[in-house]
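Reading through the structure tokens given below for one structure.
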Amino acid sequence: MADYSMYHALGRGENVDPNNPNRTSQPAPPQFQPPVATNPYQQQAAAYNNAPPGQQQFVSTHAPPQAHGDYLQGQPQPQPHLHAASMSPDDSALAAQMGGISLGADPYTGTARRKKKDRHAYHTVDAPAGSSQPFNGMPPADTPVTAYLNADPSLAGITPQMNQFPAPVNSYFNPPVASTAEFATRSGLGEAVPSPTVVPASGQTKVSPDEMPSVPISRDSVQQYFLSNVYPTFERLVPPPATVSFVAIDSGNASPKFARLTLNNLPATAEGLRSTALPLGLLLQPLAPLQAGELAIPVLDFGDVGPPRCHRCRAYINPFMMFRSGGNKFVCNLCNYANDTPPEYFCATSPQGVRVDRDQRPELTRGTVEFVVPKEYWTKEPVGMRYLFVIDVTQESFNKGFLESFCEGILAALYGGAQDEEKDDNGEPKRRIPAGAKVGFVTFDKEVHFYNVSPALEQAQMMIMPDIEDPFVPLSEGLFVDPYEAKAVISALLTRLPQMFSNFKNPEPALLSTLNSAFAALEKTGGKIFCSVSALSTWGPGRLFLRDDGKHPGGEPDKKLFTTEHPAWRKIAEKMVSIGAGVDFFMAAPSGGYLDIATVGHVSSTTGGETFYYPNFIAPRDNTRLSLEIKHAVTRETGYQALMKVRCSNGLQVSAYHGNFIQHTFGADLEIGVIDADKALAVSFGYDGKLDSKLDAHFQAALLYTTASGQRRVRCCNVLAGVSENAKDTLKFIDQDAVYTILAKEAATKLSTTSSNLKDIRLGLTEKTIDVLAGYRRNFLSQLKEFSMYMLSMIKSRAFKGGNETTDRRVHELRLIRSMGALELSLYLYPRMIPVHNLEPDDGFPDEKTGHLKMPPSIRTSFSRVEPGGVYLVDNGQQCLLWFHAQTSPNLIADLFGEDKTSLQSLDAYTSNLPVLQTHLNAQVRNIVEFLRTMRGSKGLTIQLARQGIDGAEYEFARMLVEDRNNEAQSYVDWLVHIHKAVQLELGGHRKKEETSDSVSSLSQFTGLRPSYW
């Protein structure tokens, strides 16, 4: 054990909480409360002089709550006394009851240590009193009704669907209040609606949303710490929330940007894990982008012998392998086998057993490294990436401007616009794709057209392949060229393409034949295909039909519409993976038509690619976003011909994988056609023995791939976790983001691969929430406060929600969940909502102390937080809306969009970017948008206007307010009440578990929602 002690220091010294970066036992002093600035945009006297409720919470007089990780506080176990004035008598009963599952904020303001027996007292709800109530179809009594809620929908242009909004807070505009009957009549509600739900506690205290755990506060409070601190990966094992911008220092354990464990301290036995109801899983994003300030991943070349590996389990050398016998042997940290050290790798060790050259060897000091591998790791000669652009030139694509937009996007991705063309050190245009990579171009309608773009030609030559039944490649040379050598030819071709096909009116594309032709073009090398699609492929072999007519008896679509049963489409996907190729689809439905994403998108999801979907493509509005997404897809770090293997310590075994790949037999390597920086995989583990609590548990993920520049490498991510005999100790080390991400991916996999329907999935997620919170209730810990909100959002997501939803959108978002990383999923489930009408003067500008952009605090996503005259930026990682209240000040509109714009009606509905103006507010909002652009996944960020009562995007804004009652699900407050009742039944032993139609094995109770055939 002595040999392990210097590397594995878990649980040594002072018993402080792993979530606290300051490593101190003393709580932090009360935080300074800055004065709240007044709103400069006053429509009515003193109407806007209040900060939004979310902001008032954020700058409260006590220290921010221990929402995640307790980064701003000291030891979280002692429960300090609360301010007497902060709790009203009516709230006492609620506090005692909701505190049972620690649902309130935890204001640690005291300094005295409590006795040990008192450390597990209930968390008492303490938050500024809110003025809003849950909205159950009609506003609570005495609620001021704004024009938004009170207006006749037929006159205001708002349909009854918009009545999912709760009543606004701090209302200043007061028309005559509608009676209950009037309101029900105007809203199209024919019968009485139940009053707001109350918690059946003593005193019948109503639950205010203000008292519920706040996701925005949990994000913002931790972000403040990491503006001036780094995250050392080995000293502290609970990572910050996924949406926090932080600099990770790799000190032997992989950065959480590459790998996140659900539990960073594991129970020693399967029974211990089962008692927590949590999944044991690893979230991997092996090519995740680095942040400025982080060290590049070291690339190591061991020559023809390759990197040292364990002879038994084939694990790669890593910082946790021990050297014995003076350096002659190294002991594998995964299987404990003693290997002979290769002669060329030998180095003497110190008396403590540490290699003398340890600090000079990145593979022994860094958690994530890359090894250049020799020829025995090759399947074919590695070459630079082949980028093949496959362009839809059908009638619909031309008519709606999608063809022109796509060509402009390719030009911007390869060469940049005239205004943003970067230069390298020699003054030449900067390469946007690596040296050695080549590009080619194909267009298709009823026929497939190849282009010879050799730089020796004056202009590109088109060759038509009319035989779509048996496609082939009519070009031997000139199809793939260096884009910078042939810049003139390629630019001329892409500029002329829209005019070339303006007279050809072929409405039906032959997409499958085109993909078979692309497969033939890439067969010898592998590569990446970027394909635009704007119409259902109804021509040639593999033609598709309108499977979804929108009529779904019972309200939910048939499971067959979520997958493809067409053998030809399945076959082309498997063939592309076998040659190391993948597809990114850019699918636009200009008239909102059906594109059968379930079938077409199967090719991209299987090969490791991505589908970018534009459900109602309008060229003036979506051109910018399409261009950004093509540019990102082309320039992000991408590998192809990939294989992945995950290894773990003795006593554990891999039980399931979730993501975009092919696995021919369970236990075999994952085959991935292409993998890029935005793709994540999830791995679930089970127990096949008992773990030794004296030793740590280890995980290693190895990705063998070819880089875009043509080098064959292995990227290794090594992750360490402690082991405890007492399952309660493991709950201090929960990574909340990893837990709900793993559960989401398991649910998506279950829906796709088993007989479970959507109702079963929603029921399974609800049951899992109850199980987890019941275990959480038993142990009085605060690491999972926001977990129930994320699970509610998951049930409300388009992938799993009840009610009507087009199958194209549902399947698209279902596959998104399977492939997205923790950051993108966190935003997808709980959007950022930032008020821009009352920004502080220094918001949106660099902070003098830290040098980072000072971001305004975000607020809860609920309509009860919306102020009259307010303007809100809402970003869920997929789209970004700028919502305007109907009473927005003309001065504010002029400051944002220019002096000629003074009313909402004067704004261009197709605005996608803010104009560059000299006003303070305009600069603030543009800077905030630029920051949000850096904190998201693969989707381009453009602004879409949602003006109250004017734009259809307002319905999307309503859908993003996940704390309200919408998306066929409860409000946040009602959901917590429902979960709380079930948790109490569970703790009392009276709960009956709901059975789903899909039989679940006993093993899957603790390894997550595993597909039945695994």
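No lab work stands behind these numbers, since they all come straight from the coordinates. Being a predicted model, the structure only gives us computed values, none of them experimental. Cβ placement follows ideal geometry from the backbone for every residue including glycine, while neighbour counts extend to all protein chains displayed.
Which value results for Rg/Rh of region 541-640 when Rg is the Cα radius of gyration and Rh the Kirkwood radius based on the inverse mean 1/r? With Rg and the Kirkwood Rh in hand, the quotient comes to 1.01.
Residues in region 513-518 carry Karplus couplings, in order, of 4, 5, 5, 5, 5, 5 Hz; the curve used is 6.51 cos²θ - 1.76 cosθ + 1.60 with θ = phi - 60°, and Gly or Pro positions show x. Computed from label points 7 Å out along Cα-Cβ, the spacing between N503 and D304 is 6.2 nm. Of the chymotrypsin sites (Phe, Trp or Tyr not before Pro) found in region 485-548, those in coil by DSSP whose Cβ has at most 14 other Cβ atoms within 10 Å are F504, F545.
Here the calculated FRET efficiency for T495 and H552, from their Cβ-Cβ distance with R0 = 60 Å, stands at 0.85, rounded to the nearest 0.05.
About its Cα centre, region 299-365 has a charge dipole of approximately 320 debye under the convention of +1 per Lys or Arg Cβ and -1 per Asp or Glu Cβ, with nothing else charged. Placing unit charges on each Cβ (+1 for Lys and Arg, -1 for Asp and Glu) gives region 321-426 a dipole about its Cα centre, and among T341, I410, V372 the Cα reaching farthest toward its positive end belongs to T341.
Charged neighbours of S903, selected by a Cβ distance under 15 Å, balance to -3 (K, R count +1; D, E count -1). Working note: Karplus 6.51/-1.76/1.60 with θ = phi - 60° gives region 451-467 the couplings 10, 8, 10, 4, x, 6, 8, 6, 8, 5, 10, 8, 10, 9, 10, x, 7 Hz, where Gly and Pro are set to x.
Judged by the mean number of other Cβ atoms found within 10 Å, the most tightly packed of the peptides 385-391, 511-517 leads the ranking 511-517, 385-391. Ordering Y910, Y740 by the number of other Cβ atoms within 10 Å of each residue's own Cβ, fewest first, gives Y910, Y740. Taking the Cα centre of region 290-331 as origin and assigning +1 to Lys and Arg Cβ atoms and -1 to Asp and Glu Cβ atoms, the resulting dipole is close to 400 debye. The residues packed around A413, meaning those with a beta-carbon under 9 Å from its beta-carbon, carry a net charge of +2 if Lys and Arg are +1 and Asp and Glu are -1.
Relative protection proxy for 480-490, 664-674, from highest mean packing down: 480-490, 664-674 (other beta-carbon atoms within 10 angstrom). Each Lys or Arg adds one and each Asp or Glu subtracts one; over the other residues with Cβ under 14 Å from the Cβ of E458, this totals +2. For L652, the residues 5 or more places off, or on other chains, whose built amide H falls under 5 Å of its own are D688.
Place +1 on the Cβ of every Lys and Arg and -1 on the Cβ of every Asp and Glu in region 386-639, take the dipole about the Cα centre, and give the residue among H566, M465, I490 whose Cα lies farthest towards its positive end. The listed residue farthest towards the positive side: H566.
Under 5 Å from the amide H of F612 lie the amide H atoms of F585, F586, M587, each residue being 5 or more positions distant or on a separate chain, with H modelled from the backbone and absent for Pro and chain starts.
With a simple spin-label model that places each label point 7 Å from the Cα along the Cα-to-Cβ direction, the separation between R314 and Y955 comes to 5.2 nm. Note on V916, V393, V373, V714: ascending count of other Cβ atoms within 10 Å places them as V916, V373, V714, V393, the fewest first. On the beta carbon distance between R809 and L914, with R0 = 35 Å, the FRET formula returns roughly 0.80.
The phi-based Karplus calculation (6.51 cos²θ - 1.76 cosθ + 1.60; θ = phi - 60°) puts the 3J(HN,Hα) values of region 293-300 at x, 9, 6, 5, 5, x, 10, 10 Hz, whole numbers, x for Gly and Pro. Each of Y830, Y451, Y377 has some number of other Cβ atoms within 10 Å of its Cβ, and from fewest to most they run Y377, Y451, Y830. Subtracting the Cα-Cα distance of E469 and T635 from 0.36 nm times their residue separation leaves 56.4 nm of extension gain. Think of each Lys and Arg Cβ as +1 and each Asp and Glu Cβ as -1; about the Cα centre, that makes the dipole of region 795-894 roughly 600 debye. Amide H to amide H distances under 5 Å link V723 with L266, A697, where only residues 5 or more positions off or on other chains count and H is placed in the peptide plane. Extension gain for Q291 to T665 (0.36 nm times residue separation, less C-alpha to C-alpha distance): 131.0 nm.
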